[in-house]
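Trainee: Okay, handing you the structure first.
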Amino acid sequence: MSASAALRRAARLLALSMLCALAPIPRADAHESRPAYLQIDETTPGRYSVLWRIPVLSGMPLPVALKLPDAVRDVHEPSVQRLSDSLVERRILESGDTGIAGARIEFAGLAATITDVLVRVRLQGGTQSTTLVRPSRPWVDISAPSGPFAVLGAYVVHGALHILHGFDHLLFVLALILIVPSRRVLLATITAFTVAHSITLALATLGMVHVPGPPVEAVIALSILLLAAEILHVLSGRPSLTAQWPWVVAFSFGLLHGFGFAGALTAVGLPQGDVPLALFAFNAGVELGQLAFVAAVSTALRLARRIDLSPAAERFALRAASYAIGTLAAFWFFERLAGFVS
């Protein structure tokens with residue numbers, strides 16, 4: 001089966017879905033699913049250093065308030081620092097002789113959002129715990145440390161949610177699926193994308209390579225726009241580098257997308273003593289989310305094959321899907337570009 005024929009058949013159902021996805025169009029911070037972050041370190045018995053970071057979206061901080069146990073009190077006034085992407089509050093707390101073990105910390109307003117809170121607690125003696133708090137259960141009970149499995153679970157979930165909420169990364173994968181005609185080649189292409197972004201994710205997170213976030217986000221949007229143009233090239237029978245060497249293109253752009261993943265991970269940080277485990281877990285979560293997306297799209301395409309459309313309707317559907325992808329990517333690119341050059 002030719003690449004052009006495969007594209008036409010694949011587009012039967014997908015184009016309609018893409019057109020619906022344009023209303024409303026997600027903002028430029030399309031994969032902005034950074035969680036809020038709470039870190040509590042017991043510096044001396046009964047005294048705690050607290051860092052509370054909430055994301056800033058469209059210039060407004062996330063409407064979530066930290067509600068601490070009644071038994072703790074501030075040693076002095078909290079300090080607040082406003083960054084471009086977050087609001088950071090630092091506090092020193094005292095709880096007397098009781099400590100905070102067994103206490104509950106609530107996050108007022110979290111239930112009305114789609115954002116999670118990553119909570120890391122480190123007590124005297126080196127014991128620590130990591131918990132991912134969801135909007136459906138907007139509180140955390142401070143208990144005995146649950147060990148490395150808690151870190152593993154929290155970061156796997158964080159990675160999976162990041163990719164599934166990252167519409168730009170998913171749109172890039174979707175464009176690859178539309179271009180690549182065979183399952184075998186698609187498997188190699190997705191594998192190349194995975195290997196590439198795993199490399200830059202590790203390098204950037206460990207501080208070996210630093211690339212500014214805003215330009216990376218803009219170029220990620222541009223990579224999607226280029227793939228949308230490649231779909232039209234294949235449809236028109238013109239030479240296409242992505243159709244001929246899809247794994248090369250996926251690997252090259254995957255290096256770039258890895259820096260985007262690293263931005264989400266460095267925003268919440270890595271637990272001291274469990275850096276390799278947390279990095280592995282986050283990357284595994286990203287891959288699980290990506291595989292779930294590929295499986296969902298593949299299932300939709302199999303269902304689409306049952307729809308009997310004329311060749312002209314199929315070509316129109318594919319062009320509509322291509323322009324939808326390109327329009328959305330162009331919107332993200334120019335908005336992100338304006339965000340860091342202004």
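The values are calculated or read from the model by the stated rules, or taken from the named source; none is laboratory data. Note that the coordinates shown come from a computational prediction; the quantities given were computed from them, not determined experimentally. Note: ideal-geometry Cβ built from the backbone for every residue, glycine included; neighbour counts use all protein chains shown. The accessibility values were calculated without ligands, DNA or RNA, using every heavy atom of the protein model including side chains. Shrake-Rupley method; radii C 1.70, N 1.55, O 1.52, S 1.80 Å.
Trainee: Between 81, 128, 290, where does the largest GNM mean-square fluctuation fall for the chain, given springs only between Cα atoms within less than 10 Å?
Mentor: 81
Trainee: For the chain, report the accessible area per residue in Å² (1.4 Å probe, heavy atoms, rounded to an integer).
Mentor: Working: 15870 Å² over 342 residues.
Here the per-residue accessible area is 46 Å².
Trainee: Quick check: net charge around residue 260, other residues with Cβ under 10 Å of its Cβ, Lys/Arg +1 and Asp/Glu -1? Kindly include the intermediate steps, with their values, before the conclusion.
Mentor: Working: positive: none; negative: 168, 217.
Every neighbour counted, the sum reads -2.
Trainee: Same structure again: Could you report the accessible area of residue 182 in Å², rounded to 10, computed with a 1.4 Å probe on the protein chains as they sit in the structure?
Mentor: Residue 182 exposes around 40 Å² with every protein chain in place.
Trainee: Compute the length gained on full extension between residue 327 and residue 183: take 0.36 nm times their separation in residues and subtract their Cα-Cα distance, giving the result in nm to one decimal.
Mentor: Full-extension gain reported as 49.1 nm.
Trainee: Could I ask something else about it? Got the relative contact order for segment 189-342 handy, in percent, Cα pairs under 8 Å and 6 or more residues apart?
Mentor: 43 percent.
Trainee: Summing +1 for each Lys or Arg and -1 for each Asp or Glu, what net charge is found among the other residues whose Cβ lies under 13 Å from the Cβ of residue 223?
Mentor: Here the charged neighbours net out to -2.
Trainee: So, R0 is 41 Å and r is the distance between the beta-carbons of residue 94 and residue 288; what FRET efficiency does that work out to, to 0.05?
Mentor: Calculated value: 0.50.
Trainee: Further, regarding this structure: Please report, in whole Å, how far the alpha carbons of segment 132-240 spread along each principal axis, starting with the longest.
Mentor: Largest to smallest, the principal-axis extents are 62, 30, 25 Å.
Trainee: Another question, then. Any idea what log10 I(q)/I(0) is at q = 0.13, 0.17 Å⁻¹ for segment 225-342, Debye with uniform C-alpha scatterers and no solvent?
Mentor: With no solvent term, the Cα-only Debye profile gives -0.78, -1.16.
Trainee: Can you pull the percent of the chain's accessible area that's carbon plus sulfur, 1.4 Å probe, other chains left in place?
Mentor: Reported share for carbon and sulfur atoms: 65 percent.
Trainee: Using Cα pairs closer than 8 Å and at least 6 residues apart in sequence, work out the relative contact order for the chain, in percent.
Mentor: Taking the mean separation of contacting Cα pairs over the length of the chain, I get 26 percent.
Trainee: Also: Could you work out how much longer the chain between residue 134 and residue 305 gets when fully extended? Use 0.36 nm per residue separation minus the Cα distance between them, nm to one decimal.
Mentor: Numbers: separation 171, 0.36 × 171 = 61.56 nm, distance 3.78 nm.
Stretched fully, the residue 134-residue 305 segment lengthens by 57.8 nm.
Trainee: While we're looking at this one, here's another question. For segment 219-281, what ratio Rg/Rh do Cα atoms give with a Kirkwood hydrodynamic radius?
Mentor: Numbers: Rg = 16.7 Å, Rh = 13.9 Å.
For segment 219-281, the value is 1.20.
Trainee: Moving on to the next point. Connecting C-alpha atoms closer than 10 Å in a GNM of the chain, tell me which of 141, 70, 116 has the biggest fluctuation.
Mentor: The residue with the greatest mean-square fluctuation here is 70.
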